[in-house]
Amino acid sequence: MSKVVLLAINAKYVHSSLAVWAIAAGIGMYARQSHDAAVVETTIKQDSADIADAVVAHDPDVIGISVYIWNAGLLHELLRHIRERRPDTIIVLGGPEASYNAGYWLDNGADYVIEGEGERSFPALLDELAEKRLAAEDSVQEESAVEDAAQAASTQQPPAQINYLKQRIVAQSVPLQSADLVDPYSDAYFKALEGRIAYIETSRGCPFQCSFCLSGGSDVHFFSLEKAKEQILRLSKSGTRTIKFVDRTFNCSAARAYELLQYVLSLDTQCRFHFEVAPDLFDSQTLSLLATALPGRIQLEAGLQSFNSAALEASSRKTDLEAAEKNIRAILSCGNIHVHVDLIAGLPYETLRDFKGSFDRAYSLGAHTLQLGFLKLLHGSEIRKQAERLGITYSKDPPYEITSSPWLGEDDIKVLKAAENALQNTHNKGRFLSVLEYVLGASDVRPFELFRTLGEAVPNHGMSLTNYAECLYGVFSDLEGVNEVILREHMICDWLSMVRGRNMPQALQIRDIRNSQVLDTAGKVLGRKLQRCEASVLPSGIGVYADSEDRDPVTGLYRLHYVELS
């Protein structure tokens with residue numbers, strides 16, 4: 001029997017790993033021999049030496065590690081620590097960062113790399129390693145018996161060191177079909193989950209061929225609907241608040257998506273369900289179903305990537321942009337679903353000016369999150385293979401982000417980074433939303449230029465929210481067309497709706513004896529006493545307070561109440 005550790009290094013503590021638990025289930029389902037498999041979940045925030053200690057504490061014969069762009073950077077040091085502590089332990093790598101870069105990792109500390117799906121191939125490798133280890137042990141024992149007979153009176157020899165077959169090969173897997181799907185949700189999984197985000201996979205692969213994606217062009221394997229529903233139900237009762245579907249394009253089959261959404265909406269649960277979707281593929285029946293969802297039950301991540309047709313065509317991405325825009329607006333109009341829209345900066349043939357147009361059009365949709373991401377040239381992707389021909393340069397270290405192209409220079413990327421910084425620290429965190437709406441309406445500044453201006457003026461890297469708010473107030477006050485009094489009023493309301501129990505910046509504070517009247521009214525309405533920082537008198541003379549026990553389930557903002565003052 002082998003002692004095995006399956007190691008996940010997550011990006012954040014709130015995340016959990018589906019892959020290692022699926023591999024653990026695969027060992028139980030497919031291994032011919034008995035193996036003692038333990039799952040260890042850590043994060044990239046932990047010191048690599050501490051991660052190594054957590055792994056070697058299990059005294060493993062084999063260590064399997066899931067490798068992704070977010071954890072590949074610390075792997076070299078981690079492998080060094082493991083080798084120092086367990087020189088004879090076999091290290092097996094899997095996951096996309098290893099699968100598509102096997103040669104590199106076999107030259108830099110790995111004994112084996114699993115390419116592709118590992119639920120079957122990893123257990124097969126464990127069986128083979130166990131058999132060869134046993135054979136090696138038998139051989140050592142036979143040699144030792146001969147030596148003992150010949151040298152019975154000789155001094156005692158040190159224990160033989162078994163060679164654990166550190167060959168450099170690549171174990172290749174066969175794609176799983178529906179009937180082969182393992183169930184990762186063991187009792188041990190639920191015990192380890194502890195309320196973190198849970199992940200579920202109901203299909204594998206993607207029918208589309210986007211050149212920047214690793215899933216593109218693969219056959220889609222749809223797993224059992226009944227099994228999926230049973231797993232969804234169990235996860236919904238696990239104590240987690242969010243269940244994310246990892247299906248690459250959840251709604252590539254409209255009928256299947258409808259049935260799963262219908263099931264999710266029928267559950268008696270407080271869980272949120274997150275889906276990655278192609279917005280242009282929604283049919284009218286599914287849109288009507290989504291309109292019935294309880295507020296906050298559904299989160300949709302809608303991949304647009306660009307509104308530039310040349311960039312999409314060069315990336316082999318097929319999207320009906322008009323349908324996508326129409327469907328996103330229809331979903332948002334119901335006010336019950338949190339919508340996240342993705343854009344990618346750096347696609348071929350899209351200049352900075354072009355991207356500004358894409359950004360402004362996407363921002364006008366009114367999605368709750370607008371992700372300004374940057375092209376990543378992943379190992380195994382078509383865009384990476386084409387990079388030299390296209391003249392695209394990129395970082396050689398994970399996450400392999402674009403550094404320049406014929407359409408986007410280094411200075412252009414700095415502009416984009418500044419805008420992205422401001423976008424992340426305001427709109428995408430649900431901060432200063434009414435301020436942004438007011439400023440965009442009062443000034444002639446377009447959305448991208450507004451975020452660029454803020455990002456360049458206030459490069460927020462670890463700045464406190466109070467200081468950031470004061471800087472933002474200063475930047476926006478200087479914009480032509482913006483009325484400082486009205487801006488201040490929006491700032492106060494936004495602060496109360498997004499911050500709980502914290503004094504607002506000095507520049508926003510209003511000393512007005514009627515503030516006590518606002519607090520008294522709030523206490524009578526809510527049945528509890530509010531802190532002074534939870535209410536204010538606005539420059540217009542209206543009182544306002546936030547109910548910090550009543551959050552909008554879609555936006556996450558505290559609800560505001562207004563008081564007419566005498």
Being under 18 Å from Val499 (Cβ atoms) and touching a Ser or Thr at 6+ places or on another chain (Cβ under 9 Å) is the filter here; which residues of segment 556-566 pass it? Leu557, Tyr558, Arg559, Leu560, His561
Give just the number: which of (1) closer than 20 Å to Phe273 by Cβ; (2) touching a residue at least 40 places away in the same chain (Cβ under 8 Å) does Glu226 not satisfy? (2)
Quick one: how many residues across segment 180-201 are in a helix (DSSP H, G or I), in contact (Cβ under 8 Å) with a residue 40 or more places away in the chain and not hydroxyl-bearing (Ser, Thr, Tyr)? 5
Of everything in segment 438-447, what is in contact with a helix residue (DSSP H, G or I) (Cβ under 9 Å, 6 or more places away or on another chain) and either farther than 21 Å from Asn483 by Cα or free of Cβ contacts under 8 Å to residues at least 24 places away in the same chain (or both)? Give them in sequence order. Leu440
Among the numbered conditions (1) out of contact with any Ser or Thr (no Cβ under 8 Å at 6 or more places or on another chain); (2) under 19 Å from Asp320 (Cβ atoms); (3) surrounded by fewer than 20 Cβ atoms within 10 Å (Cβ to Cβ), tell me where Gln209 comes up short. (1)
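Working only within segment 245-263, note down all residues that are basic (Lys, Arg) and crowded, with 21+ Cβ neighbours inside 10 Å.
Filtering segment 245-263 for residues basic (Lys, Arg) gives 248, 256.
Of everything in segment 245-263, just one residue is basic (Lys, Arg) and crowded, with 21+ Cβ neighbours inside 10 Å, namely Arg248.
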Please determine, by comparing only the residues of segment 342-361 that are part of a loop (DSSP other than H, G, I, E, B) and of a type outside the set (D, E, K, R), which one is surrounded by the fewest Cβ atoms within 10 Å (Cβ to Cβ). Thr351
Looking at segment 264-279, which of its residues are surrounded by 21 or more Cβ atoms within 10 Å (Cβ to Cβ), within 22 Å of Lys227 (Cβ to Cβ) and either touching a Gly at 6+ places or on another chain (Cβ under 8 Å) or at pLDDT below 95 (or both)? Val277
Return the residue satisfying two criteria in turn: it lies in segment 17-67 and is in a loop (DSSP other than H, G, I, E, B) and of a type in the set (Ser, Thr, Tyr), and of such residues it is farthest from the chain's Cα centre (by Cα). Ser34
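Has segment 96-108 got at least one residue that is in a helix (DSSP H, G or I), in the same structural domain as Ile63 (by TED's automatic domain parsing) and over 23 Å from Asn10 (Cα atoms)?
Keep residues of segment 96-108 that are in a helix (DSSP H, G or I), which gives 96-99, 102-106.
Retained after the next criterion (residues that are in the same structural domain as Ile63 (by TED's automatic domain parsing)): 96-99, 102-106.
Then keep just the ones that are over 23 Å from Asn10 (Cα atoms); that gives 103.
Yes.
Taking the condition in a helix (DSSP H, G or I) and at pLDDT 95 or above, does Thr453 pass? It would help to see each step written out before you state the result.
Details: in a helix (DSSP H, G or I): yes; at pLDDT 95 or above: yes.
Spelling it out, Thr453 is indeed in a helix (DSSP H, G or I) and at pLDDT 95 or above.
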Can you report the number of residues in segment 13-65 which are among the charged types (D, E, K, R) and within 20 Å of Glu77 (Cβ to Cβ)? 5
Yes or no: segment 465-475 includes at least one residue that is small (Gly, Ala, Ser) and crowded, with 16+ Cβ neighbours inside 10 Å. yes
Based on this model, can you work out whether Asp547 counts as more than 20 Å from Tyr438 (Cβ to Cβ) and surrounded by 15 or more Cβ atoms within 10 Å (Cβ to Cβ)? yes
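Would you tally the residues in segment 227-262 being of a type outside the set (A, V, I, L, M, F, W, C) and in a strand (DSSP E or B)? Give the steps one after another, and end with the answer.
Keep residues of segment 227-262 that are of a type outside the set (A, V, I, L, M, F, W, C), which gives 227, 229-231, 234, 236-242, 244, 247-249, 251, 253, 256, 258-259, 262.
The next check asks that each one be in a strand (DSSP E or B); those that pass are 242, 244.
So the count comes out to 2.
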Do we have any residue at all in segment 514-525 that's surrounded by 15 or more Cβ atoms within 10 Å (Cβ to Cβ) and closer than 17 Å to Val435 by Cα? no
Among Leu378, Leu370, Leu408, which is the only one that is of a type in the set (A, V, I, L, M, F, W, C), buried (at least 19 other Cβ atoms within 10 Å of the Cβ), more than 22 Å from Asn425 (Cβ to Cβ) and within 19 Å of the chain's Cα centre (by Cα)? Leu378
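Only one of Asp247, Asp268 is free of Cβ contacts under 8 Å to residues at least 24 places away in the same chain and assigned by TED's automatic domain parsing to the domain that holds Thr319; which? Walk me through it before giving the result.
Working: Asp247 fails: free of Cβ contacts under 8 Å to residues at least 24 places away in the same chain.
Criteria check complete, one pass: Asp268.
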State whether one or more residues within segment 301-323 are among the aliphatic types (A, V, I, L, M), surrounded by fewer than 22 Cβ atoms within 10 Å (Cβ to Cβ) and under 21 Å from Asp247 (Cβ atoms). yes
Would you check if Tyr400 is surrounded by 15 or more Cβ atoms within 10 Å (Cβ to Cβ), among the hydroxyl-bearing types (Ser, Thr, Tyr) and in contact (Cβ under 8 Å) with a residue 40 or more places away in the chain? yes
With (1) touching a helix residue (DSSP H, G or I) at 6+ places or on another chain (Cβ under 8 Å); (2) surrounded by fewer than 22 Cβ atoms within 10 Å (Cβ to Cβ) as the list, and Val55 as the residue in question, which single condition is left unmet? (2)
Note on Thr521: of the conditions (1) polar (S, T, N, Q); (2) in contact (Cβ under 8 Å) with a residue 24 or more places away in the chain; (3) more than 15 Å from Leu560 (Cα to Cα); (4) part of a helix (DSSP H, G or I), unmet is (3)
Hey, among the residues in segment 499-511 that are buried (at least 19 other Cβ atoms within 10 Å of the Cβ) and hydrophobic (A, V, I, L, M, F, W, C), which one's nearest to Arg431 (Cα to Cα)? Val499
Out of Ala57, Ala52, I need the residue that is in contact with a His (Cβ under 7 Å, 6 or more places away or on another chain) and either at pLDDT below 95 or among the small types (Gly, Ala, Ser) (or both). Which one? Ala52
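The values are calculated or read from the model by the stated rules, or taken from the named source; none is laboratory data. The structure displayed is predicted, hence computed values, not measured ones. Glycine gets a Cβ as well: all are built from the backbone with ideal geometry, and neighbour counts include every protein chain shown.
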